[in-house]
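Notes to accompany the following structure.
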Amino acid sequence: MRPSPAEIVRTLAAGRLPGLAYLAQRPGPFHVRHVTDAEGRVLLLVPVHSDLAAALPSGDDVAVALDVLDLPPAAGAPSLGRAWVSGWAAALHGEAARRAALDYAEADPTGDLLDVGTRFRLYRFEVAEARLERPDGLLRIDPLAYAEAEPDPLHPVEAELLAELTVHHGREMTAYVRRQLGLADAARAEPPRVVRVDRYGLVVSFGSPGARRRARLAFPSPVADHGELARMLHPVFFRHAESPRPTGAA
């Protein structure tokens, strides 16, 4: 298995990565701080004294498109693509703003949320259209599939996980990947490397300089968090029990 397009868009839009907002009939784009709540709705945290606040009307809804580009966590790692989600944003006030601030804090507990209503204003929109942009084209995502998908729980700590695998378990992972892919320990070949990790498996890079290839090693089942990943990978380092298996090109 691998992440579905809807899961990738939910992961990219979740709030860890920087986003750009485009407003209908307004100049732009605007840098924006954002997260998504449990239902996939987008929350925008906007300073009241900013170009974006001036472009967002406080009363009427406005069409907004959020653009989030994946930032690969390591050299040679493939990008997940670019997420585009859009809808009609409305300013939140009173109790609605307080509830939305709690939802925002679930993803990003920034202290600026204490100033919602004074220095900051929250906007929210349900996703009416979602798209995933990749080098091979633009894929439209059904809004219901987007809302039902879950962000990948490992994405926020992916860079740290890759560093941990390289620094603390590099020799074991290299040997394991070579066994799984049937790679000879050729003199000209660089050691295979894990370049991405998600709840469904590992993406590894292997081959000779100038001719690197990638493959996915799927986990026996999706993992829920960092702790479950550590327990699942433990047999890999000791060469027993069920462990990730190759599933072809990444």
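List, please: which pairs have Cβ atoms under 6 Å, are six or more places apart or on different chains, and start with a residue in segment 13-25 that is touching a residue at least 60 places away in the same chain (Cβ under 8 Å) and end with one that is in a helix (DSSP H, G or I) and open to solvent by 40 Å² or more (accessible area, probe 1.4 Å)?
Listed pairs, sorted by first residue: GLY15/ALA107; ARG16/PRO156.
Residues in segment 225-247: is at least one within 30 Å of ALA107 (Cα to Cα), in contact with a strand residue (DSSP E or B) (Cβ under 8 Å, 6 or more places away or on another chain) and at pLDDT below 85?
yes
Just to check your reading of the model, which residue among ALA75, ALA83 is of a type in the set (A, V, I, L, M, F, W, C), under 30 Å from ARG213 (Cβ atoms) and either open to solvent by 80 Å² or more (accessible area, probe 1.4 Å) or part of a loop (DSSP other than H, G, I, E, B) (or both)?
ALA75
I'd like the full set of residues that are within 17 Å of the chain's Cα centre (by Cα) and in a strand (DSSP E or B), limited to segment 1-56.
Matches in segment 1-56: GLY19, LEU20, VAL32, ARG33, HIS34, VAL35, THR36, VAL42, LEU43.
ALA218: surrounded by fewer than 18 Cβ atoms within 10 Å (Cβ to Cβ) and at pLDDT below 80, yes or no?
Taking the combined requirement at face value, the residue does not satisfy it.
Looking at ALA130, ALA159, ALA147 in this structure, which one is touching a residue at least 60 places away in the same chain (Cβ under 8 Å), in a strand (DSSP E or B) and among the aliphatic types (A, V, I, L, M)?
Going through ALA130, ALA159, ALA147 in turn, just one is touching a residue at least 60 places away in the same chain (Cβ under 8 Å), in a strand (DSSP E or B) and among the aliphatic types (A, V, I, L, M): ALA130.
Evaluate segment 58-69: report whether one residue or more is part of a loop (DSSP other than H, G, I, E, B), aliphatic (A, V, I, L, M) and out of contact with any Asp or Glu (no Cβ under 7 Å at 6 or more places or on another chain).
Taking every residue of segment 58-69 in turn, none turns out to be part of a loop (DSSP other than H, G, I, E, B), aliphatic (A, V, I, L, M) and out of contact with any Asp or Glu (no Cβ under 7 Å at 6 or more places or on another chain).
Kindly indicate the residue of segment 86-109 that is under 20 Å from the mean Cα position of the chain (by Cα) and open to solvent by 30 Å² or more (accessible area, probe 1.4 Å) and also nearest to LEU132 (Cα to Cα) among those meeting that condition.
ALA107
Among the residues of segment 133-142, what is the count of those that are open to solvent by 70 Å² or more (accessible area, probe 1.4 Å) and either closer than 16 Å to ALA14 by Cα or part of a strand (DSSP E or B) (or both)?
Residues meeting the conditions: 5.
Of the numbered conditions (1) at pLDDT 95 or above; (2) farther than 23 Å from ARG119 by Cβ, ALA24 fails exactly one; give the number of that condition.
Of everything listed in (1) at pLDDT 95 or above; (2) farther than 23 Å from ARG119 by Cβ, ALA24 misses just condition (1).
The values are calculated or read from the model by the stated rules, or taken from the named source; none is laboratory data. Since the model is a prediction, treat every value here as computed from it, not as a measurement. Cβ atoms come from the backbone with ideal geometry, glycine included; neighbour counts cover every protein chain shown. When the accessible area is computed, the model is the full protein with side chains, heavy atoms only, and any ligands, DNA or RNA have been set aside. Shrake-Rupley method; radii C 1.70, N 1.55, O 1.52, S 1.80 Å.
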